[in-house]
Protein chains: 6
Amino acid sequence: MADGKLTHFNEQGRARMVDVTDKDVTARAAVAETIVRMRPETLEAIRSGRVGKGDVLAVAQVAGIMAAKRTAEWIPMCHPLPLTGIDIQFREAGNDRLIIEATVKTTGKTGVEMEALTAVSAAALTVYDMCKAMQKDMEIGPTRLLRKTGGKSGDYARPSEQA
Amino acid sequence: MADGKLTHFNEQGRARMVDVTDKDVTARAAVAETIVRMRPETLEAIRSGRVGKGDVLAVAQVAGIMAAKRTAEWIPMCHPLPLTGIDIQFREAGNDRLIIEATVKTTGKTGVEMEALTAVSAAALTVYDMCKAMQKDMEIGPTRLLRKTGGKSGDYARPSEQA
Amino acid sequence: MADGKLTHFNEQGRARMVDVTDKDVTARAAVAETIVRMRPETLEAIRSGRVGKGDVLAVAQVAGIMAAKRTAEWIPMCHPLPLTGIDIQFREAGNDRLIIEATVKTTGKTGVEMEALTAVSAAALTVYDMCKAMQKDMEIGPTRLLRKTGGKSGDYARPSEQA
Amino acid sequence: MADGKLTHFNEQGRARMVDVTDKDVTARAAVAETIVRMRPETLEAIRSGRVGKGDVLAVAQVAGIMAAKRTAEWIPMCHPLPLTGIDIQFREAGNDRLIIEATVKTTGKTGVEMEALTAVSAAALTVYDMCKAMQKDMEIGPTRLLRKTGGKSGDYARPSEQA
Amino acid sequence: MADGKLTHFNEQGRARMVDVTDKDVTARAAVAETIVRMRPETLEAIRSGRVGKGDVLAVAQVAGIMAAKRTAEWIPMCHPLPLTGIDIQFREAGNDRLIIEATVKTTGKTGVEMEALTAVSAAALTVYDMCKAMQKDMEIGPTRLLRKTGGKSGDYARPSEQA
Amino acid sequence: MADGKLTHFNEQGRARMVDVTDKDVTARAAVAETIVRMRPETLEAIRSGRVGKGDVLAVAQVAGIMAAKRTAEWIPMCHPLPLTGIDIQFREAGNDRLIIEATVKTTGKTGVEMEALTAVSAAALTVYDMCKAMQKDMEIGPTRLLRKTGGKSGDYARPSEQA
């Protein structure tokens, strides 16, 4: 994959799950992030809801973790991997943005970028679902990979992450 | 839900799947959209790949449709619904953005916003997965609901969609 | 089923999913309960954890709801049903028992007893999982149906529930 | 986990799937048990049905095995594990109790207690499902871990199992 | 669909799940069949195993029923349907063929041909799996639809079935 | 398994998932094939559809790959395996037969015959689904294992494959 070619296609030009049989089993990790943009009162409802009436983020957390474990069921060419750790963190940016960050780990033959991206996507969709009665025009994204480690192709970090 | 309160919590302040037993079964539809931002050469590879070597979007299309059908497995408080139609469309914006739009329909007691949002999310993640050997800093989003119809709460369209 | 025969077998003596095509679609509900028996300090850790460090029951709640929606995947002869409401409640009995109660509703052709029983079972197993580092000899049960309503066979309540 | 603390929570007090990346891959096994309490005539129907009309326990066996393989889909913080062996045994106690025992094995980084407990739970729920036309007040439990082997934390056996 | 065109593609030439929102909800049924061809001693082992050591067909029956319920997860453009009845029958033809027939019913907007075909496929694969230590060159097929009823397009029966 | 006995049953004569804990982890591969028999005009529609209106085989490809990854959910006694490669090829035989061949690889303790057979079965069923509006009497099969490599029991090839 070093030459940057699309390698998900066989000689018939159809999709395949890339053969990683000969790759080494190594410890790998990936961190991804997304942002849910909403009105300040929606974010306030999520925040205060935690104490008083219910915890949107606790549900989103579980959703993200469970989705990550089943990433290979959602992403057709993604290899199934036995994940060894998943953590999801929430933080606010300003008064109208909820940042969701997921760290996923495995010991396996391929990386876990997709698992981390899937975790934050499912968590963000769950936040949307639980708050959509209040606000339907929330926006999710940008969803992006922050960094990854392990594997032969070496580590990766987004430019803004490399400082 | 007319008063905009968060209704996913029971009297113990814990999450529940909202009781919709008494709601009417009506035809419902929702349209959602997301955007995958990438380098022009990545978009060009997707585009040309269709003719020559393989069709990233065909795989993404299937991923989105299959994910939509299983939305209730991803989103914890989402009601399971027997979907009656799913369509996903792709178009380019400029030379560096791929727009993914999903239309989902059902005849049921709740809307299909989450199914449409899940469809575009899974399709976008699949595009990322199949192109990540070329480019790791693609970004997904904003993911958003464009419009919905059907159900007692009435139709909805994003402001920019109402013209 | 009025005569109490086992009706899950065909004329070859093998299991089948009973034909309910001709049954009426009606509103149905079921309530089930289980108990997790543990040491007082384990129950105390769950209780205090909610405020300080984490909420075992929030995770168990989500687990129960998600499992209920997929009951027909776990119980081979169980009909798939589009559930219209799921709620799970927790309460303590004495200082060493956690009671979990689930209410499940549908509008369909068969009852939702299995969905309610599955919900409390998954929630209880999740409590076990999250506390097993503290105590491995917790016990789950008795798991039982408290009552059901709707459907041709009439309502049911456990004797102790009928007062 | 040696100090018996709840370790399923991150520094935000939210649930995570515990990081086991650095744990050794070892052979592990767990045995769990549950009991289904029923009227003697129900147990008799199960027993005789095997010869004449159908085999409730054959279906329950398959249900338990299939559920064990998917434990990580039921139990949110449970690690996915490639199971290497699952066996389920049934025996009667007196004329009104069916005992279900599951043995689960893996070669992995975490134990299989949850898989064994899930197997007996799914098997018991299946027995309930297939006999509920005869008897609705059957009770499931106590569901409990009998013993486990493998892993750094050492072997475990319930006190009554240690003789 | 009366004109026999492929209707699973949208105007972009990509796959979609056909919109059946406006179709009537009617009772529908389908019957499909497959054949597993094996050596006489393999068939004999299956047959005698039922009495003595284990029941291959009981497991295959459960596999077929469970797979039918999840057909829409296997077949990308297949609509999810709440099945109302599933039955699977086995019979022998000569001393070397096992015939598997599945009848599936629903009350819905689309037919259940795929569910019946999926049921017999999963049952046949299970027979193969459980007997492959004895014989690896078993063959499955022809797998085919025998008849279907219900829905606007009218009933269908294979020519050989119409007598 | 060297003596060819059915080993999927425990001492109670009930099914179990065979214990492979002590087997070596080795690279394994399997190739399976099936054939979809159809009218020449149906095959022509699939072929031409690729260029003009839609690509049945692209959808079938994805279906086969996704089904292979989840084989252990379909086949009750099948061990879950982290697949390391899946490829599906299509070719025509005469003017009325579509041949589907799947190659599946893993590094694990059991073979991947079932995964390869499941892949071609799901792909063939998808072809049927997408063309059934044109032709309902298509036939699938024979579905069979062509060859396997790896594992203690040695390599296998169908007689016709051994030349």
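Of all the residues in the stretch B:91-107, those that are more than 13 Å from the chain's Cα centre (by Cα) and within 18 Å of B:A67 (Cβ to Cβ) number 2. Scanning the stretch E:71-95 for residues that are free of Cβ contacts under 8 Å to residues at least 24 places away in the same chain, more than 9 Å from chain C (Cβ to nearest Cβ) and closer than 25 Å to B:V59 by Cα gives E:A72, E:E73. Check A:I35 against each of (1) aliphatic (A, V, I, L, M); (2) part of a helix (DSSP H, G or I); (3) modelled with pLDDT of 95 or more and name the one condition it does not meet. Failing condition for A:I35: (2). Taking only the stretch D:58-70 into account, find how many residues are more than 19 Å from D:L83 (Cα to Cα) and either surrounded by fewer than 24 Cβ atoms within 10 Å (Cβ to Cβ) or without any contact (Cβ under 8 Å) to a residue 60 or more places away in the chain (or both). Residues that pass the stated criteria total 1.
Suppose the filter is within 29 Å of B:V20 (Cβ to Cβ) and modelled with pLDDT under 95; does B:E161 pass it? Yes, satisfied.
Flag: A:L98 does not match the condition of being buried (at least 18 other Cβ atoms within 10 Å of the Cβ) and either closer than 23 Å to B:V127 by Cα or facing chain B (nearest Cβ under 10 Å) (or both).
Give me the residue from the stretch F:31-48 that is more than 11 Å from every other protein chain (Cβ to nearest Cβ) and in contact with a helix residue (DSSP H, G or I) (Cβ under 8 Å, 6 or more places away or on another chain) and, out of that set, surrounded by the most Cβ atoms within 10 Å (Cβ to Cβ). Once the filter is applied, the top-ranked residue is F:M38. In the condition set (1) within 9 Å of another protein chain (Cβ to nearest Cβ); (2) hydrophobic (A, V, I, L, M, F, W, C); (3) touching a Phe, Trp or Tyr at 6+ places or on another chain (Cβ under 9 Å); (4) surrounded by fewer than 17 Cβ atoms within 10 Å (Cβ to Cβ), C:A15 is compliant with all but (4).
Just one of the numbered conditions (1) part of a loop (DSSP other than H, G, I, E, B); (2) within 7 Å of another protein chain (Cβ to nearest Cβ) is not true of C:Q135: (2).
With respect to the conditions (1) at positive phi; (2) part of a helix (DSSP H, G or I), B:G154 falls short on a single one, namely (2).
Here E:V20 qualifies as in contact with a strand residue (DSSP E or B) (Cβ under 9 Å, 6 or more places away or on another chain) and part of a loop (DSSP other than H, G, I, E, B). Applying the criterion of being closer than 23 Å to E:P142 by Cα and of a type in the set (D, E, K, R) to the residues of the stretch F:101-129, the residue that is surrounded by the fewest Cβ atoms within 10 Å (Cβ to Cβ) is F:E101. Scanning the stretch F:138-153 for residues that are more than 9 Å from every other protein chain (Cβ to nearest Cβ) and aliphatic (A, V, I, L, M) returns a single hit, F:L146. Sort out which residues of the stretch E:106-115 are part of a loop (DSSP other than H, G, I, E, B) and of a type in the set (G, A, S), and write them in order of number. Correct list: E:G111 only.
The residues on offer are B:T118, B:T126, and the sole one that is within 7 Å of chain A (Cβ to nearest Cβ), in contact with a Pro (Cβ under 7 Å, 6 or more places away or on another chain) and not in a loop (DSSP other than H, G, I, E, B) is B:T126.
On the stretch given as the stretch A:113-146, residues that are free of Cβ contacts under 8 Å to residues at least 12 places away in the same chain and under 15 Å from A:A32 (Cα atoms) total 0.
So which of F:T110, F:T106, F:T21 is over 30 Å from F:S160 (Cα atoms), among the β-branched types (V, I, T) and more than 9 Å from chain E (Cβ to nearest Cβ)? Lay out the reasoning, then the answer.
Values: F:T110 fails: over 30 Å from F:S160 (Cα atoms); F:T106 fails: over 30 Å from F:S160 (Cα atoms).
Only one candidate qualifies: F:T21.
In the stretch A:147-161, the residues that are surrounded by fewer than 18 Cβ atoms within 10 Å (Cβ to Cβ) form Cβ pairs under 6 Å with partners that are part of a strand (DSSP E or B), at six or more places apart or across chains, as follows: A:T149/A:A29; A:D155/A:T149; A:A157/A:R147; A:R158/A:L146; A:E161/A:L146; A:E161/A:R147.
Scanning the stretch C:51-58 for any residue that is in contact with a helix residue (DSSP H, G or I) (Cβ under 6 Å, 6 or more places away or on another chain), within 20 Å of B:A72 (Cβ to Cβ) and in a helix (DSSP H, G or I) turns up at least one such residue.
Take D:T110 and decide whether it is of a type in the set (S, T, Y), touching a residue at least 24 places away in the same chain (Cβ under 8 Å) and closer than 25 Å to D:G150 by Cβ.
Against the criterion (of a type in the set (S, T, Y), touching a residue at least 24 places away in the same chain (Cβ under 8 Å) and closer than 25 Å to D:G150 by Cβ), D:T110 qualifies.
Across the stretch B:84-95, which residue is nearest to B:R37 (Cα to Cα) among those that are among the aliphatic types (A, V, I, L, M) and crowded, with 24+ Cβ neighbours inside 10 Å? Among those that are among the aliphatic types (A, V, I, L, M) and crowded, with 24+ Cβ neighbours inside 10 Å, it is B:I88.
Residue by residue, here is whether (1) under 25 Å from D:K23 (Cα atoms); (2) among the aromatic types (F, W, Y); (3) out of contact with any helix residue (DSSP H, G or I) (no Cβ under 8 Å at 6 or more places or on another chain) holds:
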{"position": "D:E101", "(1), (2), (3)": "no, no, no"}
{"position": "D:T106", "(1), (2), (3)": "yes, no, no"}
{"position": "D:T118", "(1), (2), (3)": "yes, no, no"}
{"position": "D:S121", "(1), (2), (3)": "no, no, no"}
{"position": "D:A124", "(1), (2), (3)": "no, no, no"}
{"position": "D:Y128", "(1), (2), (3)": "no, yes, no"}
{"position": "D:E139", "(1), (2), (3)": "no, no, yes"}
{"position": "D:R147", "(1), (2), (3)": "yes, no, no"}
{"position": "D:Y156", "(1), (2), (3)": "yes, yes, yes"}
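For residues in the stretch D:59-90 being outside any strand (DSSP E or B) and small (G, A, S), which is farthest from F:K69 (Cα to Cα)? Here the answer is D:A60. Scanning the stretch C:59-69 for residues that are within 7 Å of another protein chain (Cβ to nearest Cβ) and either out of contact with any strand residue (DSSP E or B) (no Cβ under 8 Å at 6 or more places or on another chain) or more than 14 Å from B:Q12 (Cβ to Cβ) (or both) returns C:V59, C:A63, C:M66, C:A67, C:K69.
The values are calculated or read from the model by the stated rules, or taken from the named source; none is laboratory data. Keep in mind the model is a prediction, meaning the values are calculated, not measured. As a convention, Cβ positions derive from the backbone with ideal geometry for all residues, glycine included, and neighbour counts pool all protein chains shown.
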